[in-house]
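Some notes on the structure that comes next.
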Amino acid sequence: MEAETKQTSALTHTFDVYKWAAWLHANLKQVVTGTIIVAVTATVLAIYSWKKNQDELLASETFFNLPQAAAAGERMPRPTAQALLSVASQFPSTSVGMQAELLAANTFFSQGKYEDSQREFSKFMVNHELSQFAPQAAIGVAASLEAQNKIPEAVQAYKEALAKYSGTGISSPVKLTLARLFEEQKQFDQALRYYDELTSSATPNPYDPWAAEARESKAELLIKHPELVKVAPVLLQYK
């Protein structure tokens, strides 16, 4: 009985092997094609990863080898904006190239070339919309407009940055900037609105510099314009 069982098992195993061999023969083309696709895909990904790493290394080397010079009124030498843009152009898909592009815009701003900085900050936002540095570029656009004394356009740009990147760390400084701009434009109620937003926390953080400055500015504003203080109406209910 045991011998018959073993023989049956062997026959079944042999049959399974033949079935698998027959299926492989019938589908050999698809199997070979699929295997080649997987192998090629793995090779391409490996080459891409290697090339990306090589590009990052080359971009870093190019960046750190840029000639540096101190601009007028500056002590620290830095690469020129044109040199930084060259790195960004050579290595657009690398993190180094992206940061070089942002640094170029910032260099234009620090040199008082506000139209150039606005252009480059705007380009950065288009080229790197999902970058972690996009909020800084948005503020750069608004600040460049403000520096050109284009106040209505700057206010709009700050508001757009605040709406788009409200979950990032730019909210408080942007609100404080908007409050200052509205106060300078004598739109005191609008300024007070942003001061209130910065100081209305139920548990204020004494180490928050933005809230501290907002509290001080709000107090000064209310001293100059006591008419802004709104007294809450008292509702008397009679039974």
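So, Val141, is that one of a type in the set (A, V, I, L, M), within 22 Å of Lys175 (Cβ to Cβ) and under 19 Å from the mean Cα position of the chain (by Cα) or not? Answer is yes for this residue.
Against the criterion of being surrounded by fewer than 20 Cβ atoms within 10 Å (Cβ to Cβ) and either under 21 Å from Gly112 (Cβ atoms) or not assigned by TED's automatic domain parsing to the domain that holds Glu216 (or both), Gln187 does not qualify.
The criterion of being surrounded by fewer than 21 Cβ atoms within 10 Å (Cβ to Cβ) and closer than 28 Å to Pro209 by Cα does not hold for Ser117. Restricting attention to region 173-185, does a residue exist that is part of a helix (DSSP H, G or I) and within 13 Å of the chain's Cα centre (by Cα)? No, there is no match, as no residue in region 173-185 is part of a helix (DSSP H, G or I) and within 13 Å of the chain's Cα centre (by Cα). The C-beta contact set for region 179-193 (first residue under 16 Å from Asn149 (Cβ atoms), second residue among the β-branched types (Val, Ile, Thr), distance under 7 angstrom, 6+ apart or interchain) comprises Leu181/Ile151; Leu181/Val155; Gln185/Ile151. When Pro135, Pro152 are screened for being closer than 30 Å to Gln111 by Cβ, at pLDDT below 95, in a helix (DSSP H, G or I) and not assigned by TED's automatic domain parsing to the domain that holds Leu222, only Pro135 passes. Out of the residues in region 190-220 that are surrounded by fewer than 17 Cβ atoms within 10 Å (Cβ to Cβ) and either in the same structural domain as Ala143 (by TED's automatic domain parsing) or among the aliphatic types (A, V, I, L, M) (or both), state the one that is modelled with the highest pLDDT. Looking at residues that are surrounded by fewer than 17 Cβ atoms within 10 Å (Cβ to Cβ) and either in the same structural domain as Ala143 (by TED's automatic domain parsing) or among the aliphatic types (A, V, I, L, M) (or both), I get Ala219.
The values are calculated or read from the model by the stated rules, or taken from the named source; none is laboratory data. All values derive from a computational prediction rather than experimental measurement. Here Cβ is always computed from backbone atoms with ideal geometry, including for glycine, and neighbour counts include all displayed protein chains.
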